[in-house]
Amino acid sequence: MQAVADDVFYSIYQYLGFGLIFAVICMIALPEVEHKGLKKCLIHQWHKLRTDKITRYKFAFFTILFMVLSRTLICRSIWQCPWENIIGEWGVFASDGTLNTEGMLNVLLFVPLAYFGVLGFFQQDGLDKEILFNIVKTSFGFSCLIEICQLFLRVGTFQLSDIFQNTLGGFIGIAVWAMQQKIMKRGRKNMNTTLLIMAAGIGSRFGTGIKQLEPVDASNHIIMDYSIHDAIEAGFNHVVFIIRKDIEKEFKEVIGDRIASICKSHNVTVDYAFQDINDIPGELPAGRTKPWGTGQAVLAAKNVIDTPFIVINADDYYGKEGFKAVHEYLVNGGESCMAGFVLKNTLSDNGGVTRGICKMDENGNLTEVVETKNIVKTADGAEADGVVVDVNSLVSMNMWGLTPEFLDVLEEGFKEFFEKEVPGNPLKAEYLIPIFIGELLEQGKMSVKVLKTNDTWYGMTYHEDVAAVKDSFKKMLEKGVYKTDLFSDL
């Protein structure tokens, strides 16, 4: 075993430096890198290495790939391979009784190659037989290619046993990944995740006319009830309401205590966070009465969140699919994501709306959110101020999946916002989550996966929307999407 260990460490020592250089070149050459110029490419990929684990997996894969090629082809001497060696050694021990260290190394080389290959270039949402088969098949094909090159280029040693050993290594690498997936799946059943509801905008007087409190069914459920139901169904087990201190008593009487009782019966905990206009890294500007925005609202919950979380608006209906997709992404180790709604599923029949249209790279990562105002339905689709808009575009409806670590970044951003933005517009400047995330994306400091949802979004942008929204919930109840006793199916 000492010989095997020496061989492995020698291979790492000899080829690691070249492997790292090769990996950097490959990462720059990836089609997803849109930045022009070597310096910008390097900066962009460096930030992605720090913030995106998929990028780190790809980097590890390319490093190991070059080390394998170096070991088998690039750094080998040209010589004539004796034909009697073609069969090679297939067992743990060689024909002379010694340990087959070369065979073991052939296996070990392909274990991390296959492991990081599946992590970097395939979906990580569970065990998939097709993925397992494709990786083993790729390991076999890649090994055959190496052996053929060795045969015709007269470098290294062409041996059939190498193909078997390399393929076995690829299979072991996949087996390690599969075992990891099973262990993670068990852990996900007990993983805590939080639903963060931004409800500080609810009126100071509870009563008729406040859209967040408008009943949408015959049982007097409000949209927030449906969001909480869908979140619990998806697996979220902690609910945090972000409200103002001055409405705490009334909020609990009308909504909070009822929801807390329901949540308790389903082993879901409830907490409150309070958005305060004075909770700022500086002095309150004279005459300021406007809240500081969604960024500050989320920061208000920092002390009650220590798990991955989803952020939603209190008065928006998002559908089940978005909650499930975001929860699955977060519990699988994803760091940042957003639910991408199809534009045509978010438009109003009663007037223009503002939507953040998402731009993405080929891997489904968000690159930019373009705020587009006054989007209206037309006979052929939609347009904004006379310009045709693709109704199949994905848009952001402020449904973000984030981690506790993001809150530290958000807090630093709030300090910078207060230093740079507030002095120029002290009475109206707002610290908004979409804008801040857009800035991080532009700087290459954050990676956000866009998770498409085909559910229809409902909101009460106009008073005329109320009847249509109620009718939509009536139809969902009739179809059995929800039960009349809303939480009875959890």
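Please treat every number below as a calculation from the coordinates, not as lab data. Quantities reported herein were computed from a predicted structural model and do not represent experimental measurements. Heads up, the Cβs are rebuilt from the backbone with ideal geometry, glycines too, and the neighbour counts pull from every protein chain shown.
Of MET179, MET338, MET67, MET360, the sequence from fewest to most neighbouring Cβ atoms within 10 angstrom is MET179, MET360, MET67, MET338.
Take the cross-link list LYS320/LYS479; LYS48/LYS359; LYS359/LYS420 and give me the ones stretching past 23 Å between alpha-carbons. Those over the limit are LYS359/LYS420. Measure up LYS249/LYS302; LYS264/LYS483; LYS58/LYS449 against 18 Å on the Cα-Cα distance and list the ones that go over. Checking Cα-Cα distances, LYS249/LYS302; LYS264/LYS483 exceed 18 Å. With a threshold of 32 Å on the Cα-Cα distance, the over-threshold entries among LYS324/LYS470; LYS290/LYS474; LYS252/LYS474 are LYS290/LYS474.
At a Förster radius of 22 Å, what calculated FRET efficiency corresponds to the Cβ-Cβ distance of ALA468 and ASP380, to the nearest 0.05? List each step's numbers first, then the result.
Working: r = 21 Å, r/R0 = 0.97.
Efficiency, from the Cβ-Cβ distance: 0.55.
For MET397, the residues 5 or more places off, or on other chains, whose built amide H falls under 5 Å of its own are PHE341.
In this Cβ point-charge picture (+1 for Lys and Arg, -1 for Asp and Glu), the stretch 191-479 has a dipole of about 540 debye about its Cα centre.
For the stretch 216-252 versus the stretch 330-388, the spacing of their alpha-carbon centroids is 25 Å. What is the stretch 191-479 by shape, rounded, prolate or oblate, if you read a ≥ b ≥ c off the alpha carbon gyration tensor as root eigenvalues and call it rounded for a/c under 1.5, prolate for a/b larger than b/c, and oblate otherwise? Cα axes put the stretch 191-479 in the rounded bin.
Restricting to DSSP loop positions (anything but H, G, I, E, B) with no more than 10 other Cβ atoms inside 10 Å of their own Cβ, which GluC sites (Glu not before Pro) remain in the stretch 329-416? Don't skip to the answer; put the middle values down first.
Values: sites: GLU335, GLU362, GLU368, GLU371, GLU383, GLU405, GLU411, GLU412, GLU416; in loops: GLU335, GLU362.
Counting only loop positions with at most 10 other Cβ atoms within 10 Å, the GluC sites (Glu not before Pro) in the stretch 329-416 are GLU362.
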